[in-house]
Amino acid sequence: MIPALVVFAYLGAVMGIGVFAFRRKRGAGAEDYFLAGRSLGPAVFLLSLFGSNMTAFSILGASGHAFANGIVTYGLMASSSALIIPVSLLVIGTRLWALGKRHGFMTPVQMFRDRWDCGHIGTVIFAVQAVLLVPYIIIAVMGGGTTLRSVSNGVVPFWLGGAIVSVVVMTYVFLGGMRGTAWVNAFQTVLFLAFGAIAVAVVSAGMGGFSAVMESMFESPGTATLLTRERISPLYFFSYTFIPLSSIAFPHIGIFCLTARRLEHFRKTIVLYPLCMLLIWLPSVFLGVVANRATDVPAINAKIEARAALAAPGVALTAENRDRLRAQATGDDVILRLVEGYAPTLLAALLAAAVMAAVMASDSQILALSTMFTEDVFAFYGGARRFGDAAQVLTGRLFVIVLTVVAYIIALRMPQSIFDVATQYAFAGYAALSPLLVAALFWRGSTRWGALASTLWTAAAVTFVAVVQTAIPVPPPGPGVPVWTPGGADVITRATTGLMVFGLLPVVPMTLVSALLMVVVSLLTPGARPPSSSLAKYFPV
């Protein structure tokens, strides 16, 4: 229980930061609670913005995916993200900041409403964004439950670990608002940036050295393919270039862009972001890959055996046994198992606390949804005008509680891995919503009906993916189960990793059709364009 006690001590420290932020608030207004008074400095801005992007998906999810698929995981996410996310911050994030500073926007939906003169359509956009952000919050609960269960060797069960993390995050977000969330994110980012280098050094030494591990993997037919992209098709690899488009479309990233004190703060963030990506993803992927050689760690050896049983040809398994083996083979906790097997107890405890820091970075998503609900629904429909700023902040805090409870309940029933939940729902949905931001900021001819068409398409597409994946059980490794085969062609298939369209992840057709709908419907509804006075705010002559 020593690692678990250290993690609990860390959780107590995080709650202390939230209480300190509550005491340092500069007023009872909504802008102070939800945007920290637009006063974040460059260091906190960089660390909190990066940390809010690097959640359980980047630590536990990436290592789990690399455990099953190999070093190609780094190419899937880290390579394209290190380019696309900084460029989107430069092109879109700075423009959002300038408009928010000039017109007082606190959420992206406020900007959409003002840009397209779309009151109730803005409410539809809020509803879709809120639903799509819930899976991102769910993976934090899953990560918290996985971490505490692993470090305590099962003494703290999954449901209790998820509940503890949910309560801690809910508490400091409830008390500290954006200021507390940003400070905690900055503290957590420093921890898990340091964690990677230490964990790689310790685990490599415990396994006989980096070179020895790599050579043994290369010489073994069973693990040599993990050092190539052989397990990932080119179309699947290409699909992941669309995933980073979701980053700037996430409400919590858009809201973070509004918190910077000065425009110059973006400069260091854009330059240093790729370096931070390297420091997070490279250790996570490396540890996931080398876990395949850690057969002397019982928990990891059991995962390897379960995976082999699932892939064994000619072996008929019942649905119950397949689900049991799949749950046992998941690699979301391999980093924790490696640290447990090769690091001294106290160091393992500290590294577990660093993993927990990454897991808990969902706080900004919870606060973002709270901000959007109070600004885009409560205030928009007259609540703030009738009841005042204090009631608006209280409403936001109550929304934090409700949202956390809902995410916790769903997380207990989620059968998929952290990586698949994030990519199939949260990332795919927000990548498909990215044309809204681009059209609002850079195309005078876009209209509210184009925005509505793009939003409804995204909601329908994500719903379709969720329904099909729920209705069709996860198939064994292989070509997958055909879902729609017009003319004998496998257009839509249900694979082990999720739904596939022509061999591509759903994010590709979802994003392309969303952009096409924005263009076509806007061209068909020129009468819905805002008046020149409104357009002059965004496109001055």
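Data for the structure
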quantity: Boolean, Asp296 is surrounded by fewer than 19 Cβ atoms within 10 Å (Cβ to Cβ) and within 28 Å of the chain's Cα centre (by Cα); calculated: no
quantity: First in segment 171-192 and under 17 Å from Phe34 (Cα atoms) and in contact (Cβ under 8 Å) with a residue 40 or more places away in the chain, second anywhere and outside any helix (DSSP H, G or I) and among the hydrophobic types (A, V, I, L, M, F, W, C), Cβ under 8 Å, 6 or more apart; calculated: Ala182/Leu40; Val184/Met360; Asn185/Ala361
quantity: Filter result (of a type in the set (Lys, Arg) and surrounded by fewer than 23 Cβ atoms within 10 Å (Cβ to Cβ)) within segment 434-467; calculated: Arg444
quantity: Any hit, segment 350-360, residues being buried (at least 22 other Cβ atoms within 10 Å of the Cβ), touching a residue at least 24 places away in the same chain (Cβ under 8 Å) and outside any helix (DSSP H, G or I); calculated: yes
quantity: Flag if Phe57 is under 25 Å from Leu272 (Cα atoms), out of contact with any strand residue (DSSP E or B) (no Cβ under 7 Å at 6 or more places or on another chain) and assigned to a helix (DSSP H, G or I); calculated: yes
quantity: Matching residues in segment 468-494 - criterion: being surrounded by 17 or more Cβ atoms within 10 Å (Cβ to Cβ) and out of contact with any Lys or Arg (no Cβ under 8 Å at 6 or more places or on another chain); calculated: Asp490, Ile492, Thr493, Arg494
quantity: Ala461 being part of a helix (DSSP H, G or I) and under 21 Å from the mean Cα position of the chain (by Cα); calculated: yes
quantity: Pair list, Cβ under 8 Å, 6 or more apart: segment 121-134 residue farther than 14 Å from Phe250 by Cβ, other residue of a type in the set (Gly, Ala, Ser) and part of a helix (DSSP H, G or I); calculated: Ile121/Ala451
quantity: Scan of segment 325-354 for residues that are β-branched (Val, Ile, Thr) and over 20 Å from the mean Cα position of the chain (by Cα), ordered by number; calculated: Val339, Thr345
quantity: Filter result (part of a loop (DSSP other than H, G, I, E, B), modelled with pLDDT of 85 or more and β-branched (Val, Ile, Thr)) within segment 293-344; calculated: Thr295, Val297, Thr330
quantity: Any hit, segment 27-50, residues being of a type outside the set (Ser, Thr, Tyr) and in contact with a Cys (Cβ under 6 Å, 6 or more places away or on another chain); calculated: yes
quantity: Residue check, Leu279 of a type outside the set (S, T, N, Q) and under 22 Å from the mean Cα position of the chain (by Cα); calculated: yes
quantity: Matching residues in segment 485-506 - criterion: being under 15 Å from Ala428 (Cα atoms) and of a type in the set (Ser, Thr, Tyr); calculated: Thr497
quantity: Residue list for segment 225-246, restricted to those being assigned to a helix (DSSP H, G or I) and surrounded by fewer than 22 Cβ atoms within 10 Å (Cβ to Cβ); calculated: Thr225, Leu227, Pro234, Leu235, Tyr236, Phe237, Phe238
quantity: Helices (runs of 4 or more DSSP H) completely within segment 90-202 that count 1 or more residues being at pLDDT 85 or above and surrounded by fewer than 18 Cβ atoms within 10 Å (Cβ to Cβ); calculated: 94-103, 119-151
quantity: Some residue of segment 282-291 being closer than 25 Å to Thr94 by Cα, hydrophobic (A, V, I, L, M, F, W, C), under 24 Å from the mean Cα position of the chain (by Cα) and in a helix (DSSP H, G or I); calculated: no
quantity: Tally of residues being among the aromatic types (Phe, Trp, Tyr) and assigned to a loop (DSSP other than H, G, I, E, B) across segment 444-458; calculated: 0
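The values are calculated or read from the model by the stated rules, or taken from the named source; none is laboratory data. Remember, predicted model here, so these are calculated numbers, not experimental data. When we count neighbours, we look across all protein chains shown, and the Cβ atoms used for this are built from the backbone with ideal geometry, even at glycine.
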